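Contents: one structure, followed by commentary.
Nothing in this text is a laboratory measurement; each read-out follows from the coordinates by a stated rule. Remember, predicted model here, so these are calculated numbers, not experimental data. Positions of Cβ are generated from backbone atoms using ideal geometry, with glycine treated the same way; all protein chains shown enter the neighbour counts.
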């Protein structure tokens, strides 16, 4: 979580939505980050001890990024493939993760609190779409009143695409059903 107490703005990081780029770009300026134990970068605002942090959440604008669930799962797969010794193909990996929720836990924990990322559906929580990354980044940096970063340096961009099996797609559609509704994403065929 990145905070500017003076401007009363928070950027909430959500896994596999481009939040690492936004955070690293914000960190170049004098902003506060909260990721000390027991918190991690992607800990939802709802799980922070806001009293301890001295934050009246209702008085802040909280920005967070969302992403089409299929693309988010593909990013999750590619991230695990990059940093772990994943031998499964994308379809078997996603199917296994959806059923076992081991490494996927950090994605589904968010779901137990708020859809997959939607914190409270309060007016001060503003979601931005990964699919319109430049506009989303500009919105966050304008709120923090900071210069807009060069998005051509976006990290973890996975170029190669693949088509998901229908059964894998059905699993994703079921697990992330509420996201399709809340963020007006189309289910792919």
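Some observations on this one:
- Packing-based exposure ordering (other Cβ within 10 Å, fewest first) of 65, 84, 98: 84, 98, 65
- Sorted ascending by nearby beta carbons within 10 Å, beginning with the fewest, 24, 96, 152 become 152, 24, 96.
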